[in-house]
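Remarks on the structure that follows.
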Amino acid sequence: MPELDPTPGQTIGPFFAYALPYDRDYELVRPTTTGAVRLHGTVYDGAGSPVPDALLEIRQADGAGAVPTVEGSIRRDGTAFTGWGRCQTDSAGRYSFTTIAPGGDSAPFVAVVVFARGLLHRLFTRAYLPEASASSSPFLASLEPRIRERLIAVRDDDGGLLFDIHLQGELETPFLTFPGEA
Amino acid sequence: MSTSPASPANAPASQRTISAEIEQLRAAWTDGDAQPLIDYPPYRSSVLRHPTKALHPADPEGAELVAPVFGHSDVDPLEADLTIQDRGEPIGERMLVTGRVLDGEGRPVRHQLVEIWQANAAGRYVHQRDQHHAPLDPHFTGTGRCLTDADGVYRFVTIKPGPYPWRNHHNAWRPAHIHFSLFGTDFTQRLITQMYFPGDPLFDLDPIYQSITDPAARDRLLATYDHDLSEHEWQLGYRWDIVLTGGHSTPMEHPEEHDA
Ligand SMILES: [Fe+2]
């Protein structure tokens, strides 16, 4: 049992855009890096309207499946792969990270956390690579097919990874809860 | 602003209406809700922006088990002092805000990034979309960063933010607060929240604060005034500790380094 009660979350509010984003926050690798890929999409609300004031962060392994623990995400030197990035949505609700596909033997995914004005507590989800399937991950296997497919990024025409996020509604993104959360 | 199903089209609700909704939801509180209700209609913008399906239980895997690492190459120690970011000093009550970042077992979160942003003493953000008719302070941006030390301690010097109006309903005012962004040792501990000041008369009226329906949990967002942190003829001191959820039982050891 935890000894201490957790500090509750609160919405990121409307005014984070001059505080949290920074230069090349979305660029985990340079676009010219071998294997560089765009992980992108649009954040939608329950009415299907884009959410122009959301902030996404991603955390992922490198191409070999190792999770980096090196510093340098805020002042990127263009060489270190830190495995973490941040991106605010634009006026059309779109976000785009430049990264590499995570490696690993089972079903690699990019961990995603979502914040937005109007969203009172952060939401976690996963963007699995298009090759992921129920047979490659016990977690994916535990989900109904129509839920599972919403966690798997789609390969777009440019070879990028398309992963839209629906905060609510018919197409609602499956969001995750982890043990030990209040 | 989006309209709410609870009010006629385009007519902003009164504080009385919002307060009645808050009261109703407070009565529905059951023990154990330590986090805000993400479905909280008194906060009008939440209506279309929360999932309605149950969250899917998952065991954290891979990258979720490891928070990003930040270091002295990322954060300049001067970024922790919001009163020296320009040639002149900002107007307002100078204060020290400090505390510890801990996990649920009470272990310090060491050498980890803390980011803050806030309104100035007049209740105005630098943000372009802030339309409040209050003055900007040319010497105050209201943003800061620091790394916790080996005991999980963060420290910011800033000025006390003012309350500010917003458009959730008619005559809506936010209690004074500082936005905090926090990381743990695991990515799944990621938290963004707001710190408030004790005794604010706006607490009962504010749907964002009241979205946490557990009164004890709400109290955990209050800093405490600590006279031992105040400095003679210089600044007032507030203390606020932050406890992150979860954290796995064998925390990753980062290389120890001596803080400058
Ligand atoms: Fe605020």
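The values are calculated or read from the model by the stated rules, or taken from the named source; none is laboratory data. As the structure is a computational prediction, the values presented were derived from the model and not from experiment. Neighbour counts are summed over all protein chains in view; Cβ atoms, including those assigned to glycine, are modelled from backbone coordinates with ideal geometry. Accessible surface is based on the protein model in full, side chains and every heavy atom, while ligands, DNA and RNA are left aside. Shrake-Rupley method; radii C 1.70, N 1.55, O 1.52, S 1.80 Å.
Details
- Peptide A:70-79 has a mean shielding of 5, counted as Cβ atoms of other protein chains within 10 Å of each residue's Cβ.
- Shielding score for A:58-69, defined as the mean number of other chain Cβ atoms within 10 Å: 4
- Reduced Cα scattering model of chain B, Debye log10 I(q)/I(0), q = 0.07, 0.08, 0.14, 0.16 Å⁻¹: -0.28, -0.36, -1.10, -1.34
- Among A:Pro52, A:Pro108, A:Pro68, residue whose mean-square fluctuation peaks in a GNM of chain A (springs only between Cα atoms under 10 Å): A:Pro68
- Efficiency of FRET between A:Arg155 and B:Arg155 - r from beta-carbon atoms, R0 56 angstrom, step 0.05: 0.75
- Sum of -39500 (n - 2.57) over DSSP H runs of 4+, divided by residues of chain B (222 nm, nearest 500): -2000 deg cm²/dmol
- Among A:Gln168, A:Gln60, A:Gln88: highest mean-square fluctuation, GNM of chain A, C-alpha pairs under 10 Å: A:Gln168
- Dividing the alpha-carbon radius of gyration of the protein assembly as shown by the rule-of-thumb value 2.2 N^0.38 Å gives 0.95.
- Computed [θ] at 222 nm, deg cm²/dmol, chain A (DSSP H ≥ 4; -39,500 (n - 2.57); rounded to nearest 500): -500 deg cm²/dmol
- Relative contact order of chain A, defined on C-alpha pairs under 8 angstrom at six or more residues apart (%): 27
- Sorting A:Arg59, A:Arg117, A:Arg146, B:Arg100 on solvent-accessible area from highest to lowest, probe radius 1.4 Å, gives A:Arg146, B:Arg100, A:Arg117, A:Arg59.
- The mean number of Cβ atoms from other chains found within 10 Å of a Cβ in peptide B:182-191 is 5, as a whole number.
- For chain B, a simple Cβ point-charge model (Lys and Arg +1, Asp and Glu -1, everything else neutral) yields a dipole of about 1260 debye relative to the Cα centre.
- Overall dimensions of chain A, expressed as equivalent-ellipsoid semi-axes from the Cα gyration tensor (√(5λ), whole Å, largest first), are 23, 22, 19.
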